[in-house]
There are 2 protein chains.
Amino acid sequence: MIEREFFLGFIKIHILYHASKEPIFGVGIAKELSRHGYYLSPGTLYPTLHRLVKEGYLTQDSKLVGGKVRKYYTITDSGLEVLKQARDKIRELVDEVLDRR
Amino acid sequence: MIEREFFLGFIKIHILYHASKEPIFGVGIAKELSRHGYYLSPGTLYPTLHRLVKEGYLTQDSKLVGGKVRKYYTITDSGLEVLKQARDKIRELVDEVLDRR
DNA sequence: CCTGCCGATATTGCGATACGATATTATATT
DNA sequence: AATATAATATCGTATCGCAATATCGGCAGG
């Protein structure tokens, strides 16, 4: 896919956004993203989630669902802060790129 | 800087957008981007421009300006196509992340 | 003129990232 | 017990990001 270089940040913002609405988990968010036409292979998805945890934007906690461990991710204050910044940048991008000025 | 991971794609879209309005060159686009609070060091800017050329989104041609060679970049049809896709994705991002539904 | 500065582009080197492929773990189905 | 399915994890390689550094040609000021 050609798009990746331009839209990978979009995907990460989506992840933060969904995590701000409710706890998310790997496969769940992958399906959610695919509804928007974004596809992340496990080799990208999991390292990304882990990095977002390491950087303090998400927290992780394990839950047993149907006998299987599932890792849920929830947004942190720091993550909400980045999401707020993202909203501002998106508005700016809209004003600029969509010619609304 | 935290933002980079999320917003680098934004920067590239800005570059394509400006290149669609008029030919751009390295230092010029760097200044333009800084008006939006985006800063690209030469080590990022030039490889990025070259890659966009290699991938067929921009074309490069040299011009003499004040006795010095300056490399101007112009958008290609393929670049315009990505820009169109970007507009759609941005609208989608706005609808989703800015809670306008 | 020459020395240093400025505008502009290029390159190097290393650490971080992206991602397909593969593995792992556990339950459910046949 | 074999197969499928759900979910997460990891490995290896290629690519990217970026600060630092280099280059190159004008243009002062002295």
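The values are calculated or read from the model by the stated rules, or taken from the named source; none is laboratory data. In this text the structure is predicted, and so the values were computed from the model without any measurement. Using ideal geometry, Cβ is built from the backbone for each residue, glycine included, and neighbour counts are taken over all protein chains shown. Side chains included, ligands, DNA and RNA excluded: accessible areas come from the protein's heavy atoms. Shrake-Rupley method; radii C 1.70, N 1.55, O 1.52, S 1.80 Å.
(1) more than 11 Å from chain B (Cβ to nearest Cβ); (2) of a type outside the set (Phe, Trp, Tyr); (3) in a helix (DSSP H, G or I): which one isn't true of A:Leu40, the others all being true?
Among (1) more than 11 Å from chain B (Cβ to nearest Cβ); (2) of a type outside the set (Phe, Trp, Tyr); (3) in a helix (DSSP H, G or I), A:Leu40 violates only (3).
Can you tell me which residue within the range A:1-39, out of those that are among the aliphatic types (A, V, I, L, M) and free of Cβ contacts under 8 Å to residues at least 12 places away in the same chain, is least open to solvent (accessible area, probe 1.4 Å)?
A:Leu8
Taking B:Glu55 and the conditions (1) facing chain A (nearest Cβ under 9 Å); (2) under 26 Å from A:Glu55 (Cα atoms); (3) modelled with pLDDT of 90 or more, which numbered condition does it fall short on, given that it satisfies the others?
(2)
Kindly evaluate A:Ser41 against the criterion of being within 16 Å of DNA strand D (Cβ to nearest atom) and out of contact with any helix residue (DSSP H, G or I) (no Cβ under 7 Å at 6 or more places or on another chain).
Here the answer is yes, as A:Ser41 does meet what is asked.
Please find, among B:Leu45, B:Leu80, B:Leu93, B:Leu49, the residue that is near DNA strand C (Cβ under 9 Å from one of its atoms), in a helix (DSSP H, G or I) and within 14 Å of chain A (Cβ to nearest Cβ).
Testing whether each residue is near DNA strand C (Cβ under 9 Å from one of its atoms), in a helix (DSSP H, G or I) and within 14 Å of chain A (Cβ to nearest Cβ) leaves just B:Leu49.
For B:Glu3, state whether it is under 26 Å from A:Tyr38 (Cα atoms), within 9 Å of chain A (Cβ to nearest Cβ), charged (D, E, K, R) and within 13 Å of DNA strand C (Cβ to nearest atom).
In short, yes.
Counting only residues that are more than 8 Å from DNA strand C (Cβ to nearest atom), among the charged types (D, E, K, R) and open to solvent by less than 80 Å² (accessible area, probe 1.4 Å), which one in the range B:52-71 is farthest from A:Arg91 (Cα to Cα)?
Among them, the one singled out is B:Asp61.
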